[in-house]
Structure formats: structure tokens, C-alpha cells
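Student: Just dropping this structure here.
The values are calculated or read from the model by the stated rules, or taken from the named source; none is laboratory data. Treat the numbers as computed from the prediction; the structure is a model and nothing was measured. With ideal geometry, Cβ positions are generated from the backbone for all residues, glycine too; neighbour counts draw on all protein chains shown. Surface accessibility is based on the protein's heavy atoms, side chains included, excluding ligands, DNA and RNA. Shrake-Rupley method; radii C 1.70, N 1.55, O 1.52, S 1.80 Å.
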Amino acid sequence: MENCTFCNIIDKKSDSYIIYEDDKTLVILDKAKDVDYHMLAIPKKHVKNILDCDEETLANLLLTVKKFSNYCVDSLGFEGVNILSAANEAAGQSVSHFHIHIIPRKIKDGLNAWPSFPGAKIDLVEAFEFLKQ
């Protein structure tokens, strides 16, 4: 896609810090500089988010996320990772190309990557009845 930030990175039209690349995916260092070692795993095929992602593209991306998460823990000395993604603007998606954030973590690193929720307003039974198939 012509005006897509990540497609331009994939096509080598924009500078980036590519950490890993295979024929279906790549992992780049996030330029936001909000957290040390913050990476993004991106499918080379342009899809907006997980909601319109085909199974093969999703499987390839998740295998890359797993591979790189294991690498962070097994080889780089991190003790865990946060895996984050957003689907559509209502969920906070800011770039319309599917990507998964990988944030390497250490115990007591002071990061709070878990959202602070205000508390559920719907009874669990009501929620269960609504969601079950």
C-alpha cells in the first residue's frame, strides 16, 4: 500500500532498524523511544489488523513473535515480554497495518504495560450469556 508507513519500511523506501526479517515477516525497533528495546513484529503482506488477517499471515506473524520473544528471554537476558496489539481506532490502533508490539521485560523494571481498567459494569452471568456462542 502506497502511503503505509510499514509497507514503506518493508519495501525499503523508509529507514528503519530491522532486527529480523524472513520472507513473510520482519521485526523492527520502534522509533517511538517510549520503552527501551520496544520492537514491532509486522507481516509483509498488508492487512489492517487481526480482524482482516488471513490465517496463514497470522500464523507466520505469531511464529515470528514467539521466536523473537524466546530469543529475548533465552539469549538476551530478559525475564519476560509483553505482547500487545490493537484492532481498529476504537482500540487505539494508530497505524493501519497489522503489527504486534514486543516489549522485553525484567523483574522490577518499573514498567506498567498492563492497562488500568475502571471496573466492569456488567454482571459476569450477563456478560457470559452475551458472549457465549
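Student: For segment 101-114, name all the residues that are within 21 Å of the chain's Cα centre (by Cα), of a type outside the set (A, V, I, L, M, F, W, C) and outside any strand (DSSP E or B).
Tutor: Result: 106, 109, 110, 112.
Student: Moving to a separate point now. State all residues of segment 1-54 that are assigned to a loop (DSSP other than H, G, I, E, B), open to solvent by less than 50 Å² (accessible area, probe 1.4 Å), out of contact with any Pro (no Cβ under 8 Å at 6 or more places or on another chain) and touching a residue at least 40 places away in the same chain (Cβ under 8 Å); if no residue qualifies, say none.
Tutor: 4, 22, 30, 35, 38, 47, 49
Student: Here is a list: 117, 128, 98. Which entry is of a type in the set (Phe, Trp, Tyr), farther than 30 Å from residue 3 by Cβ and either in a helix (DSSP H, G or I) or open to solvent by less than 60 Å² (accessible area, probe 1.4 Å) (or both)?
Tutor: 128
Student: Of the conditions (1) under 20 Å from residue 1 (Cβ atoms); (2) open to solvent by 80 Å² or more (accessible area, probe 1.4 Å); (3) among the charged types (D, E, K, R), residue 66 fails just one. Which one is it?
Tutor: Failed condition: (1).
Student: A follow-up question, please. Are any residues in segment 72-95 open to solvent by less than 40 Å² (accessible area, probe 1.4 Å) and in a strand (DSSP E or B), and if so, which ones?
Tutor: 80, 82
Student: Please enumerate the residues belonging to segment 80-129 that are hydroxyl-bearing (Ser, Thr, Tyr) and within 19 Å of residue 66 (Cα to Cα).
Tutor: Correct list: 85 only.
Student: Every residue in segment 41-78 that is of a type in the set (A, V, I, L, M) and in contact with a Leu (Cβ under 8 Å, 6 or more places away or on another chain), please. Reasoning before the result, please.
Tutor: Pass one, segment 41-78, residues of a type in the set (A, V, I, L, M): 41-42, 47, 50-51, 58-59, 61-63, 65, 73, 76.
If the condition is that a residue be of a type in the set (A, V, I, L, M) and in contact with a Leu (Cβ under 8 Å, 6 or more places away or on another chain), then 41, 42, 50 are the ones that fit.
Student: Given the criterion of a type outside the set (Phe, Trp, Tyr) and open to solvent by less than 20 Å² (accessible area, probe 1.4 Å), identify the matching residue among 103, 107.
Tutor: It is 103.
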